[in-house]
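In what follows, a structure is listed as structure tokens, so that the remarks can point back to it.
The values are calculated or read from the model by the stated rules, or taken from the named source; none is laboratory data. Please read all numbers here as calculations on a predicted model, not as lab measurements. Ideal geometry is used to build each Cβ from the backbone, glycine not excepted, and the neighbour counts take in all protein chains shown. Just so you know, the surface numbers come from the protein's heavy atoms only, side chains and all, with ligands and any DNA or RNA stripped out. Shrake-Rupley method; radii C 1.70, N 1.55, O 1.52, S 1.80 Å.
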Amino acid sequence: DIISYINKAILEKNYPLAVRLYFLETIKALDTNEHIKWKKDKTNLTYLYEIKNSNIADNFKKGTHIFERVWYGEESLDEQAFSLVQTHFKNLIKSTNPV
């Protein structure tokens, strides 16, 4: 259950880890809802090309950019900035569900 780990990271104010976990939850949701087929050795770009829904693809591209900047250390997040990032990932995950 990734969500419990996300909540723990947020409580500990470990925002980079929370972003990484949200990104993994996004990949899981995309696979579960058949927007992509998860495979260990695929790249984020490969996943992007698999997504047929342009709105989801655009938001995944933005989420990938956020994840890479935060996780690989180019950008730090305070609580307010993380809140915006969290909203983006929650909306992205929600959008992967079939209507």
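Summary table below
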{"quantity": "Helices (runs of 4 or more DSSP H) completely within segment 25-99 that count 2 or more residues being free of Cβ contacts under 8 Å to residues at least 60 places away in the same chain and within 20 Å of I3 (Cα to Cα)", "calculated": "54-71, 79-95"}
{"quantity": "Where D1 falls short, out of the listed (1) touching a residue at least 24 places away in the same chain (Cβ under 8 Å); (2) open to solvent by 100 Å² or more (accessible area, probe 1.4 Å); (3) not hydrophobic (A, V, I, L, M, F, W, C)", "calculated": "(1)"}
